[in-house]
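The values are calculated or read from the model by the stated rules, or taken from the named source; none is laboratory data. The structure displayed is predicted, hence computed values, not measured ones. So basically every Cβ, Gly included, is an ideal-geometry build from the backbone, and we count neighbours across all protein chains shown. Accessible surface is based on the protein model in full, side chains and every heavy atom, while ligands, DNA and RNA are left aside. Shrake-Rupley method; radii C 1.70, N 1.55, O 1.52, S 1.80 Å.
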Amino acid sequence: MSKFLKRSAQGAGVPHEKRTAGLETVAMPLPSKIVLSMNQHIGAPAAPVVAKGDQVYVGTVVGKAGGFVSSDIHSGVSGTVAEISTMVGSNGSTQTTVVITPDGEQKVDPSIAPPQVTDFKSFTDAIRASGLVGLGGAGFPTAVKLSPKNLDEIDTLLINGAECEPYITSDHRCMLEDTHFILSGIKAVMKYLNIPKCIIGIEGNKPDAIAKMQSAIDVAGIEVKQLPCRYPQGAEKVLIETCTGREVPFPGLPSDVGVIVMNVTSTAFVGKYLETGMPLTTKRLTVDGDIVKEPKNVEVIIGTPIQELLDFCGGLTAQPGKVLYGGPMMGTCVASLDQPILKNNNAVLAFSEAWAHLPKKTNCIHCGRCVNACPLGLAAKDIVKAYEKGDVELLQELNADLCMSCGTCSFVCPAKRPLAPSIALAKILMKNGGKK
């Protein structure tokens, strides 16, 4: 049964650390190989459609979507398929991979051409063929997002340019460098989905991006909204509330309140793809951290090993204590520097042992800061207590599965308790029917 939660939406004043915001994006040269996981999206994994020894080109489909909620995988290099193998992903799952050795020529697949788009179906078919997934981190196939069952009830397109995670500036650079493509992508979505209004939400710590986007708007129905600099302002439900005043019910989706949310980089890709026909093969991301010698914003071919990306940024000044896909609040730990760049990576951060060291936890002092800070109004300390008791029924009453793992509760906890990881385990407990 749908219901609304009373949300505090306090969030946390995390340090911004946007040290690369003023650095223009640089293109990384061809890597020695690319490793393309078939699991670069939420949903069914793609299935390889090439074999060892096959010749491929830039834009060639090497993995075909495994269902409606899935996504094609394309090669970002011309070269030869070296092997079909497996790897262990950052979530611990075994994933099929296609490994390709570049030939250095970067020949484009002869099939690449701008798609012929005339209506909603041809538009969503084109987006599906492009391999686009949510590039803000979630990895949800965009063609599915743009096909809600209640499409006629959608009145607002919301573009997420908040980029509230510390360190990450890749979306910021996108707004400065790909302004034209963002606007053309917005116009296409509004046209083919018949959405009358668009709001571009940008945190106030990016005044240059706000000014650039405002000056580029040349049609009615599109506006820029300056957002508070408060983490996690870019979280979907928080963003919707800030920009529209609407609250997404639980359980529910943005479309239930007439909204579709797209990341600003995803939107820019839509604009670029409609002009060029080149599928998703590269990604702009931020490389930073206290041991990265030359922090950069880098345009990198998807599948590039992290080690080669770090080498392009001058290497590391010390042994890493932790390397992350994404930001320090919601990022995922990398088990090996052989891991490849994925579609939805927006950053690679490398930290020293000292910076990665977790503080010693102490007993909960029942201060309530975790409750006050949670953007969804959840009682983190109570959820963790219910998890430790294995009480699935209480976890359901506390709406533990609504948690979006933003990490705000852990950040504000004066006792340094690992609340967010424990709640993640609680969600697994609920999913498994009480089995840890």
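Before moving on, here are some points about what is shown:
- Largest to smallest principal axis extent of the C-alpha atoms in the stretch 325-394, angstrom: 40, 29, 24
- Descending principal axes extents, the stretch 5-81, alpha-carbon based, whole Å: 55, 38, 15
- Unit Cα scatterers, Debye sum, the stretch 94-140: log10 I(q)/I(0) for q = 0.14, 0.15 Å⁻¹: -0.62, -0.70
- Relative to the Cα centre, the charge distribution of the chain, modelled as +1 at Lys and Arg Cβ and -1 at Asp and Glu Cβ, gives a dipole magnitude of about 1220 debye.
- Heavy-atom accessible area order for Val50, Val98, largest first, 1.4 Å probe: Val50, Val98
- Relative intensity, log₁₀ I(q)/I(0), of the stretch 161-252 from a Debye sum that treats every alpha carbon as a point, q = 0.15, 0.23 Å⁻¹: -0.60, -1.26
- The stretch 229-301, Rg to Rh (Cα coordinates; Rh as Kirkwood inverse mean 1/r): 1.10
- Net charge dipole size for the stretch 287-391 [Lys, Arg +1 and Asp, Glu -1 on Cβ; Debye, nearest 20]: 540
- Rounded to 5, percent antiparallel among DSSP beta bridges of the chain: 60
- What the Kirkwood sum gives for the stretch 1-146 is a hydrodynamic radius of 17.9 Å, with every pair of different alpha carbons counted.
- Considering only Cα atoms, the convex hull volume of the stretch 152-311 works out to 135 Å³ per residue.
- The smallest convex shape that holds all Cα atoms of the stretch 262-315, its convex hull, gives 86 Å³ per residue.
- Over 26 Å apart at the Cα level, from the set Lys283/Lys322; Lys237/Lys293; Lys107/Lys145, are Lys237/Lys293; Lys107/Lys145.
- Of the residues Lys343, Lys121, Lys283, the one that moves most in a GNM of the chain with alpha-carbon contacts below 10 Å is Lys121.
- Accessible area of Ser37 in the full protein assembly, 1.4 Å probe (Å², nearest 10): 0
- Set Lys33/Lys427; Lys149/Lys272; Lys385/Lys427; Lys197/Lys296; Lys64/Lys197 screened for pairs whose C-alpha atoms are more than 25 Å apart: Lys33/Lys427; Lys149/Lys272; Lys197/Lys296; Lys64/Lys197
- Size of the chain as Cα extents on the principal axes (Å, biggest first): 63, 52, 44
- Tail weight of P(r) past 25 Å, computed on alpha-carbon pairs of the stretch 269-372, percent: 34
- Check: the stretch 80-143 dipole with +1 on Lys, Arg Cβ and -1 on Asp, Glu Cβ, in debye: 200
- When the Gaussian network model of the chain links Cα atoms closer than 10 Å, the mean-square fluctuations of Thr60, Thr317, Thr362 top out at Thr362.
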